[in-house]
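Chemist: Dropping the structure in here first, questions after.
Just so it is clear, none of the values below were taken in a lab; they were calculated from the coordinates. All values reported here derive from a predicted model rather than from experimental measurement. Backbone-built Cβ (ideal geometry, glycine too); neighbour counts: all protein chains shown.
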Amino acid sequence: TYIVTDDCIRCRYTDCVEVCPVDCFYAGENMLVINPDECIDCGVCEAECPAEAILPDSDPRAEKWIEINREYSAQWPNITRQVAPPPDADEFKGVQGKFEKYFS
Ligand code: SF4
Ligand code: F3S
């Protein structure tokens, strides 16, 4: 599976949603997650994310986020269309520590 990391938080560009063939993204207020059981491992979303927030679960950096993706994809609504990112999305690109401050 692929997963979304905290790099998505407050960037939320949703380019990933537009390319996913199985619509397995779920939307929180500040971040999206992937349902690991629905993801078919095609990998196309990884390259589309301007914040480089998507990783395969085989990446060591993904480990911390696998459970977050599993847990919140079961709670948040499915998102199937790209929407406008937050107006200040670019200011949060690559910022560290977003999970602690802004996860939702
Ligand atoms: Fe969707 Fe493919 Fe990304 Fe999985 S890897 S979330 S199936 S686009
Ligand atoms: Fe987030 Fe990147 Fe998608 S910022 S919403 S994972 S395009």
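Chemist: Could you list, in sequence order, the residues of segment 11-55 that are within 9 Å of ligand 2 (Cβ to nearest atom) and touching a residue at least 60 places away in the same chain (Cβ under 8 Å)?
Modeler: Passing the criteria: 11, 12, 13, 14, 15, 17, 18, 31.
Chemist: Further question: Looking for something away from ligand 2 (no atom under 13 Å from the Cβ), without any contact (Cβ under 8 Å) to a residue 12 or more places away in the chain and either at positive phi or among the aliphatic types (A, V, I, L, M) (or both) - is there at least one such residue anywhere in segment 68-88?
Modeler: Among the residues of segment 68-88, not one is away from ligand 2 (no atom under 13 Å from the Cβ), without any contact (Cβ under 8 Å) to a residue 12 or more places away in the chain and either at positive phi or among the aliphatic types (A, V, I, L, M) (or both), which makes the answer no.
Chemist: Name the single residue, out of those in segment 88-104 being basic (Lys, Arg) and either over 14 Å from the mean Cα position of the chain (by Cα) or in a loop (DSSP other than H, G, I, E, B) (or both), that is surrounded by the fewest Cβ atoms within 10 Å (Cβ to Cβ).
Modeler: Filtering first and then ranking leaves 101.
Chemist: Further, regarding this structure: Specify the residue that is farthest from residue 84 (Cα to Cα); the eligible residues are those in segment 1-13 that are within 13 Å of ligand 1 (Cβ to nearest atom) and more than 8 Å from the chain's Cα centre (by Cα).
Modeler: Among those that are within 13 Å of ligand 1 (Cβ to nearest atom) and more than 8 Å from the chain's Cα centre (by Cα), it is 1.
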